[in-house]
Amino acid sequence: MPNIEDESENGDTSSSPVLRASGLEKTYRSKIPFVGRSVAVLTGADIELRPGEIVGIVGANGSGKSTLMKLLVGALQPDAGSVSRDATVGWCPQETLLYDRLTVRETFDLFGEAYGMTDQRVERRRGELADQLDFERFLDYRIDHLSGGNRQKVNLAIALLHDPDVLLLDEPYTGFDWETYLAFWTLTESLVEGGTAIAIISHLISERERFDRILELKDGRLHEQAEPPQQARSAAHDGEALESEAPESEAVASEPPTGGEA
Amino acid sequence: MSRLVTGTRLRLSELVRQPLTLSLLLVLPPVVIEMYGVAVESFPQLPTLSADPATVGRMTGALFAVAFLAGLVGLFQVISARNGDERAAIAGFPRWVMLLTRLVTMFVVALVGAGVAFAVFNYRVAVAAPGLAFGVLVLAALVYGLLGVIVGTLLPRELEGSIVLVFLADMDNALSSGLFPIEASASLPVVGDVGVTDFVPLFHPHELFTAAVLDGDLAVEHLVPTVFWVLALLVVAFVAYDRVTGEQGTGFLTGVAS
C-alpha cells in the first residue's frame, strides 16, 4: 500500500497526469437473451487529470457521466480501453452508498479501515471534515436519520477522508444549502492549492469560472469546451458576486434546525 | 484482522438497531414451535414418526424456526448493504473480509435464534441431551443462514428472495420431518433405494435432533453429512459472492487494486 501521508504531503505539482483513461468503451447489454436492447454508453472516452486542476464533466441525462466515473474509480470494468491511477483516489458517488444503520462516526471508522488508516488519523480527519462541512453535531446520528443535505456532506467527507490526490465527485453538492455550497468550494480551492486533482460531474455547471477545463460527454466521448477565463475563475475562488449564479434552488435552501429527520 | 473485527462489530451494531429483527428472533420461535405442536398433535401415530405427533411437531417447529430466521438474516445481510459494500470494496475493504463479517454476524444470529428456540422447546419437551440438541439447532441455522446468503447473492431482491426461502424451508422441513415420507420409486432412478427426503438440507439435522432429543445420542452417520452441507454451502457462498460482485475491484482508491 502506498504511503498515503507522504503522498498527500509532498505537494506534487508536476504536470504529469495522476489519472489517465483512454479509449473507454462501455455498453450495457440486456441480461436476458433476445429481449431488451444494448445501450452503448461510452464509445471511446479519453480523460487526463493533472495535479492541481479542477475539471468539470457535463452532459445530458443518460449521457454516461456516472458510468464514466464508475470506470475511473474501478466500480465497473470497461469493455475496452484502460484506466491508470498513479495516485490515491477519493470517490463521491451520486447516490450516497453508505450503511443506513451506522452512525456517522461509525461510517468513518469503517471507511478508515478500508483506506488502511490508523484510528488516530481517522479521528483527526473526521474532526477536520466535520468542522469544514459543518456536521459535527450529527456525528452520533444514524445515516438514515440525516437529512438529504447532511447525508451528502457525509458522502463527500468519506471521499475526502484519506486525503486523496485525486477527487472524483459525482454531483457532489446536491442538497447542499448555500453556506455548505460555499464551504464546499472553499474546501475545493484549498485542496487544489495543495495539488489535488478534482473532477466534478454535474448535469448543470452554472459557474464555469470555477473550472480549469470543462469536458462535455456527448455521443460516448469527451469533448473539451472553450477554456474558461482564468480571471473569472480567480474571482469565483473568492466566493464573491456569485449569488446570482447559485446552483438551482439549492442556493436558497436551508437545513432543518435539527439537521435530522426520521 | 483489524478489518474483520471492525467490520463484524459494525455489522452487529447494525443488526441490533433493527428492532423488528430482534423481536422476530424472540417471538417467532415460541409461536412456531407451539403452532407446529398443536397442528401435528391431531395426526395419527404413523409408523414413520419417531415420537408422539405433538413432540414430532415441536421438533419440526424448532428446526423450522431457527432455519428460516437464520436464512432471512443471511439473505438480508447480503442484500441490504450491497451498495455500501460496493463502495467499501473499492475503498480497500477486501470482499472476502466483508463476506466473512456477514457470516460471523449470521453465526451470532444462529446462536441467539437456536438459544431462544431451544429454551422454548426444552420447556415443553423433555430433552435427553440438551447440549447436543442445542448444537444441532445451531447447525440447522447455519445451513439455512448460508442458503440465505447464497439466495441473496444470486437473487438480490428482498421480496423475491424471502419467497424463495420460505418455500424452500417449508418444503424441506415438511419432507425432513417424516410426516410426509417420499420413498424411492421407479420414477426416481437417480436416487436408487434412498428416499428423496435424504437429499434435502434439513434431513440430517432432523435426524440428529431427533436422536439428541429422544435418545440422547449423537448420530454420527448424520453429523458428517450435516457438516458436509455446512462446508459445501460455505464454499458455494464464497464463490457466488465472488462471481456476482466480481466486476468491481478492491482497493482502487488507495492504489492497492486487485
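With viscosity set to 0.692 mPa s and temperature to 37 °C, compute the Stokes-Einstein D of segment A:35-131, Rh being the Kirkwood radius across alpha carbon pairs; µm²/s, no decimals. Please report the intermediate quantities before stating the final value.
Details: Rh = 16.4 Å.
Here the translational diffusion coefficient equals 200 µm²/s.
Highest first, please rank the peptides B:122-135, A:43-56 by the mean number of other Cβ atoms sitting within 10 Å of their residues. Present the calculation step by step, with values, prior to reporting the outcome.
Numbers: B:122-135: 16.4, A:43-56: 19.9.
Highest to lowest by the protection proxy: A:43-56, B:122-135.
Using r as the Cβ-Cβ distance of A:Ser206 and B:Tyr123, and R0 as 60 Å, what FRET efficiency do you calculate, to the nearest 0.05?
With R0 = 60 Å, the Cβ-Cβ based efficiency is 0.30.
To the nearest Å, what is the center-to-center distance of segment A:177-226 and segment B:1-37, using C-alpha atoms only?
45
Where in segment A:200-224 does the label zone of A:Tyr28 land, with the point 7 angstrom along Cα→C-beta and an amide N cut-off under 19 Å?
Zone members listed by number: A:201-204, A:217-222.
Tally Lys and Arg at +1 and Asp and Glu at -1 over the other residues with C-beta under 15 Å from the C-beta of A:Trp91: what net charge comes out?
On the way: positive: A:Lys65, A:Lys70, A:Arg85, B:Arg87; negative: A:Glu95, A:Asp163, A:Asp165, A:Asp170, A:Glu171, B:Asp85, B:Glu86.
Overall, the nearby charge balance is -3.
Can you pull the mean other chain C-beta count within 10 Å for peptide B:87-100? Don't skip to the end; give the middle numbers.
Working: counts 16, 10, 3, 9, 15, 9, 6, 1, 0, 0, 2, 1, 0, 0.
Average neighbour count from other chains, rounded to a whole number: 5.
Per-residue mean of other chain beta-carbon atoms within 10 angstrom of the beta-carbon, peptide A:67-79? Don't skip to the end; give the middle numbers.
Details: counts 0, 0, 0, 4, 0, 1, 7, 11, 8, 3, 4, 0, 0.
What the average comes to for A:67-79 is 3.
Relative to the longest principal axis of the C-alpha atoms of chain B, give the angle of the C-alpha long axis of helix B:82-91, reported between 0 and 90° and rounded to the nearest 10°.
That works out to roughly 40 degrees.
If I take R0 = 22 Å and measure r between the Cβ atoms of A:Thr186 and A:Arg124 in this structure, what FRET efficiency does the formula 1/(1 + (r/R0)^6) give, to the nearest 0.05? Walk me through the numbers on the way to the answer.
Details: r = 20 Å, r/R0 = 0.89.
For A:Thr186 and A:Arg124, the calculated efficiency is 0.65.
Within 10 Å of each Cβ in peptide A:91-98, how many partner chain Cβ atoms are there on average? Round it to a whole number, please. Intermediate values should be presented prior to the final figure.
Details: counts 5, 1, 4, 0, 2, 3, 9, 5.
Rounded to a whole number, the mean comes out at 4.
Bear in mind that the values in this text are calculations on the coordinates, not laboratory data. All figures in this text were calculated on a predicted structure; none of them were measured in a lab. Counting neighbours? That spans all protein chains shown, and the Cβs are built from the backbone with ideal geometry, glycine included.
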